[in-house]
Amino acid sequence: MENYNQTSTDFILMGLFPPSRISLFLFILVVLIFLVALFGNLSMILLICLDTHLHTPMYFLLSQLSLMDLTYISTIVPKMASNFLFGNKSIFFIGCGIQSFFFLTLAGAEGLLLVSMAYDRYVAICFPLHYPIRMSKRMYVLMITGSWIMGSINSCAHTTYALHIPYCRSRAINHFFCDVPAMLTLICMDMCVYEYTVFVSTSLFLLLPFTGIACSYGRVLLAVYRVRSAEGRKRAYSTCSAHLTVVTLYSAPFVYTYLHPKFLRTPTEDKVLAVFYTILTPILNPLIYSLINKEVMGALKRVIQRICSVKM
């Protein structure tokens, strides 16, 4: 590891790519994924706002998911790209805190929002007559605001703690963003109590939501199994499996990183796993949840036709 000035209060981000011949190719690939994720999520937000047919609880929740993913990937990739291009790996102490705060807020809020989306589909399929009552405007607004608030409170607690403990080793973080587990490796005090709080937070914001999502889709699949239409069953199975795949790709690396004992992990492992929930998930969500949806594609055609008719 390079020698950095340890008297500075800034942190050093070692980055995602080790010096190699393919590092430039990997960097270009990440930038392309970032641009596609930005376009996909921004398109979803605009489409849901512009088309009245999509003004339903499900798509309102989807618009929030796209907003979270848009902010999520923008919190991580631009700084990483800037460090790679200009060779300046430092990040201000307060900048590291801000990045960590937004990352943890969005990570926690997205986990809770995914539960709300699974519950929405569960009610829509298993209790269609009760759907307007159970998923009223007040209910889904509470779901969204609750996700943001709870994610912010959890993030504020962890970020404040991480920034107020003494760092007695090198300030070089072996990661491509200010991830709290990576920052804690630079601390020489006993972290047993804090690691317990990380376990509790991860359980509340990732393990329990994932269990709830799996149960919701399990009930949905059981309800669909009783449907006589083979086409309906096939479409439901396809949708549920796609949604569960995205949720698993998001939750599993998170849970492994935050619950696995740090002495059993390597920095390379942490960085590779972090790519799944910081870079790949934001591009998969608009594809899986939205852009392959027939209603969304119909709305896209209507909006394009409307724009073309205005130009003429």
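Only one residue of V224, I304, T197 has its Cα farthest out toward the positive end of the dipole of the range 179-312, where Lys and Arg carry +1 and Asp and Glu -1 on Cβ, and that residue is I304.
Ranking L207, F25, I45 by Cα position along the charge dipole of the chain, where only Lys, Arg, Asp and Glu carry charges on their C-beta atoms, puts I45 farthest toward the positive end.
Among I187, I133, the order of accessible area from largest down is I133, I187, computed with a 1.4 Å probe on protein heavy atoms. Overall dimensions of the chain, expressed as equivalent-ellipsoid semi-axes from the Cα gyration tensor (√(5λ), whole Å, largest first), are 37, 23, 17.
For the chain, averaging the sequence separation of C-alpha pairs within contact (under 8 Å, six or more residues apart) and dividing by the residue count gives a relative contact order of 27 percent.
Quote the charge dipole size of the range 1-121 about the Cα centre in Debye, to the nearest 20; the model charges only the Cβ of Lys and Arg (+1) and of Asp and Glu (-1). Computed charge dipole of the range 1-121: roughly 240 debye.
Dividing the summed helix terms, -39500 (n - 2.57) for each DSSP H run of n ≥ 4, by the number of residues in the chain produces a 222 nm estimate of -24000 deg cm²/dmol to the nearest 500. Please check: in the Gaussian network model of the chain (C-alpha springs, under 10 Å), which one of L114, L186, L61 has the largest mean-square fluctuation. Residue with maximal mean-square fluctuation among L114, L186, L61: L186. For the range 20-106, the square roots a ≥ b ≥ c of the C-alpha gyration tensor eigenvalues yield an a/c of 1.5 or more together with a/b not exceeding b/c, which makes the shape oblate.
For the range 110-199, the dipole from Cβ point charges (+1 on Lys and Arg, -1 on Asp and Glu) about the Cα centre works out to 320 debye, to the nearest 20. When you restrict to C-alpha pairs under 8 Å that are six or more residues apart and normalise by the size of the range 161-299, the relative contact order lands at 24 percent. Rolling a 1.4 Å probe over the protein heavy atoms leaves F25 with an accessible area of roughly 130 Å². Accessible-area rank, largest first, for L47, L129: L129, L47, with all protein chains present and a 1.4 angstrom probe.
Of the DSSP H helices in the chain, those with a Cα length along their own long axis of 30 Å or more and a mean Kyte-Doolittle hydropathy reaching 0.5 comprise 23-50, 57-86, 93-126. Within the chain, the longest run free of trypsin sites (Lys or Arg not before Pro) that sit in a DSSP loop with at most 14 other Cβ atoms within 10 Å is 22-168.
Of the peptides 11-17, 153-159, the ranking by mean beta-carbon count within 10 Å, highest at the top, reads 11-17, 153-159.
Residues in the chain average 52 Å² of solvent-accessible surface per residue, probe 1.4 Å, ligands and nucleic acids excluded. In the structure shown, the pairs K234/K294; K137/K234; K89/K271 are assessed against 23 Å; a Cα-Cα span above that value is assigned to K137/K234. Once you order the gyration tensor axes a ≥ b ≥ c over the Cα atoms, which shape class does the range 101-145 get: rounded for a/c under 1.5, otherwise prolate or oblate by comparing a/b with b/c? Note, shape of the range 101-145 comes out oblate. Relative to the compact-globule estimate of 2.2 N^0.38 Å, the Cα radius of gyration of the range 191-312 comes out at 1.45.
Placing unit charges on the Cβ atoms only, positive for Lys and Arg and negative for Asp and Glu, gives the chain a dipole magnitude near 1140 debye about its Cα centre.
If the label point is 7 Å along Cα→Cβ of V31, which residues in the range 69-85 have backbone nitrogen under 12 Å from it? Zone members listed by number: 78, 81-85.
Surface composition of the chain: carbon and sulfur atoms hold 71% of the protein heavy-atom accessible area at a 1.4 Å probe.
The values are calculated or read from the model by the stated rules, or taken from the named source; none is laboratory data. A quick note: this is a predicted structure, and the numbers were derived from the prediction, not measured. As a convention, Cβ positions derive from the backbone with ideal geometry for all residues, glycine included, and neighbour counts pool all protein chains shown. Remember, those area values only see protein heavy atoms, side chains included, never the ligands or the DNA or RNA. Shrake-Rupley method; radii C 1.70, N 1.55, O 1.52, S 1.80 Å.
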